[in-house]
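The values are calculated or read from the model by the stated rules, or taken from the named source; none is laboratory data. Remember, predicted model here, so these are calculated numbers, not experimental data. Please note: Cβ atoms are built from the backbone with ideal geometry, for glycine as well, and neighbour counts cover all protein chains shown.
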Amino acid sequence: MSRYFTEDHEWIDVDGDTGTVGISDYAQSQLGDIVFVEVPDAGRSLSKGDEAAVVESVKAASDVYSPVSGNVLEGNPALTDEPALVNSDPEGEGWFFKITLSDASELDALMDETAYAAFVAKL
Amino acid sequence: MSINASGWKPTAPVKGEGAAPTFTGNKALMLEEPLIFEIGSTETTGVDFADGDVAGSRLGDLTRKSAIGLPGLSEQETVRHYTRLSRQNYAIDLGLFPLGSCTMKHNPRLNEKVARMPGFADIHPLQPVDTVQGALGVINELAVWLIKLTGMHGVAMSPKAGAHGELCGILCIKAALEKRGQGHRKVVLVPESAHGTNPATAAFAGFTVEDIPATADGRVDTAALKARLGPDVAAVMITNPNTCGLFERDLKEISDAVHAAGGYVYCDGANFNAIVGRVRPGDLGVDAMHINLHKTFSTPHGGGGPGSGPVVLSEALAPFGPLPFTARMADGHIQLIEEETAGDDHPDTFGRMVAFHGQMGMFTRALAYILSHGADGLKQVAEDAVLNANYVLRSLEDVFDAPFAGAGPCMHEAIFSDKGFAAGFSTIDAAKALIDEGFHPMTMYFPLVVHGAMLIEPTETESRAALDQFIGALRSVAERAKAGDPSLKTAPHFAPRARLDETLAARKPVLTWKPLVVQAEAAE
């Protein structure tokens, strides 16, 4: 399984043709306490860069973009009742949605962990 | 100088040391107050109605069967309840209110006197127009001045507030496009430096919103905007002065490009107080702009009164404006142009937004403000708004990070970031400390293009003495934030309530009050 990052601070774990998407630890630290998350419904078709989810903190509301194209398998049901998971475990239990990848070559344009760490260090 | 700007403190002993908690929870003049449902018995009433002798009810089975549980209070208990609550609040009549983008300036008492004249205050919107010629004359006169001050062609007076005015302007644009057979234009471009209501307005009216980036100096990226123009673009919504407190210098160039591409220019005029009497948006190619009477023209708002958002329109859009409006006839009589009286003269109007004519009380106040200031006074409003904001900016840029300070003078508001605060300290800590200093906090975390933004609009009505005291307080707060003073994390310490858990309030809001006994049962 490999993990990729976008410049908009989403991460995606890829296992075969299935990806799990969330926002990075850096993103949650910038947003502050998350108070509401809206995840996409299963079956929704997304293109790379589409607004897939909404995350709201005490400071601001932000869109979460899909890092790849594909069909949503499921949104994380736990986030409805416990949006704080995004703060406590952003790159684990706080995942947003799972998606089937329709074009694995889209991953080539994303960053790996080392490249993302360097990207964040410059911000 | 009556205002203490020097940081002088009284040498009297610290109060409260060694004192026992009071029986009532009150602290002398700082009075605790429960919720009204907790003090009023549902068994009592403050009003003594005679039993009605009207026989029968036409409600049938819909008659209420059980008590609704409203608290019964006497007049005195009611007055005390709300007066006690009001003493825990902060208001423009108590002190400087630097909430960015909100223009919390002094509301002259002359306006209040005029608005309370019985000929304006005690009339009804359904009265025959012959009996309300004075009030209609106010609407008409104000309309004339708003058109003159903005260099536009017409004005829709009825929108009730800024965002309602935005909707009015966008609906005019939609109607104009459809009339031209250009209804397929579905994209509205909104720069990052625009107000947050702009994209919401466009989306609500059925358009697709696309962001245009800001440049590093906080203004719209003109090249990026021009590159995006095309046959699918309906309009551009641009805020000027923008929400970074900067004048959009390229607006004329942008308008020309938008018009050449077949679109319209909407300008968010919420910050018109910074340019009134100095710049006419009509000269910059604007097609529609709302004016917040409650900001620029000083009518009370933010809990003190309603908003009012008339929309000035260009020659291209004016025919599409909503009914009703007023017109002065050759004999001086003011006519109200409505559905019944418009005849065939206004076939392109998109319709009506409100039941009646708009916020009459705001119209009288705004006209009183315009006439009492005069042309020279309104020019000075803009000058003082800009001067005061720049005084704040230059007095604080050595202690706060000021991201656009190098871009030249600001307009009516100064913006700072939380860069340079000690680790773990953020804008919210500075804002809470400002409450302890006796000020309303600034606008926080907006605009989003600035990290931990602090948006400060001192307004044109503050004296230099008041500004100096405010600046002194902010310098002290900045130094504590940079030094990592732990007491800042738990501020405010002197407010009726200490730091509230805003996260818990947002995650688990309790929006309905239930009797304590029900709460106890639910907990079991």
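Quick notes on this one:
- The requirement of being away from chain A (no Cβ under 14 Å) and touching a residue at least 12 places away in the same chain (Cβ under 8 Å) is not satisfied by B:Ala431.
- Per the listing B:Phe470, B:Phe446, B:Phe416, the residue uniquely under 24 Å from B:Thr296 (Cα atoms), within 13 Å of chain A (Cβ to nearest Cβ) and not aliphatic (A, V, I, L, M) is B:Phe446.
- Count of segment B:135-176 residues which are more than 20 Å from the chain's Cα centre (by Cα) and either on the phi > 0 side of the Ramachandran plot or at pLDDT below 95 (or both): 1
- Listed conditions (1) among the charged types (D, E, K, R); (2) closer than 21 Å to B:Gly7 by Cβ; (3) within 25 Å of the chain's Cα centre (by Cα); (4) away from chain A (no Cβ under 14 Å) are all met by B:Glu479, apart from (3).
- Looking across segment B:405-421, the residues that are in contact with a Leu (Cβ under 9 Å, 6 or more places away or on another chain) and surrounded by fewer than 22 Cβ atoms within 10 Å (Cβ to Cβ) come down to B:Ala405, B:Ala407, B:Gly408, B:Pro409.
- Some residue of segment B:123-132 being loosely packed, with under 15 Cβ neighbours inside 10 Å and under 30 Å from B:Asn390 (Cβ atoms): no
- Any helices (runs of 4 or more DSSP H) falling wholly within segment B:196-281 and containing at least 1 residues that are crowded, with 24+ Cβ neighbours inside 10 Å: B:197-204, B:251-260
- Residue among B:Val449, B:Val510 that alone is outside the structural domain of B:Pro191 (by TED's automatic domain parsing) and either within 25 Å of B:His195 (Cα to Cα) or part of a helix (DSSP H, G or I) (or both): B:Val449
- Within the span defined as segment A:37-44, every residue fails to be in contact (Cβ under 8 Å) with a residue 24 or more places away in the chain, basic (Lys, Arg) and either closer than 27 Å to B:Pro447 by Cβ or in contact with a helix residue (DSSP H, G or I) (Cβ under 7 Å, 6 or more places away or on another chain) (or both).
- Residue-level check: of (1) away from every other protein chain (no Cβ under 14 Å); (2) of a type in the set (A, V, I, L, M); (3) surrounded by fewer than 22 Cβ atoms within 10 Å (Cβ to Cβ), B:Val392 misses just (3).
- Matching residues in segment B:482-495 - criterion: being within 28 Å of A:Phe36 (Cβ to Cβ) and not basic (Lys, Arg): B:Leu488, B:Thr490, B:Ala491, B:Pro492, B:Ala495
- One residue from A:Val21, A:Val55 being of a type in the set (Val, Ile, Thr), within 26 Å of A:Phe119 (Cα to Cα), surrounded by 15 or more Cβ atoms within 10 Å (Cβ to Cβ) and in contact with a Lys or Arg (Cβ under 8 Å, 6 or more places away or on another chain): A:Val21
- Among the candidates B:Pro515, B:Pro496, the residue that is away from chain A (no Cβ under 14 Å), touching a Gly at 6+ places or on another chain (Cβ under 9 Å) and at pLDDT below 90 is uniquely B:Pro515.
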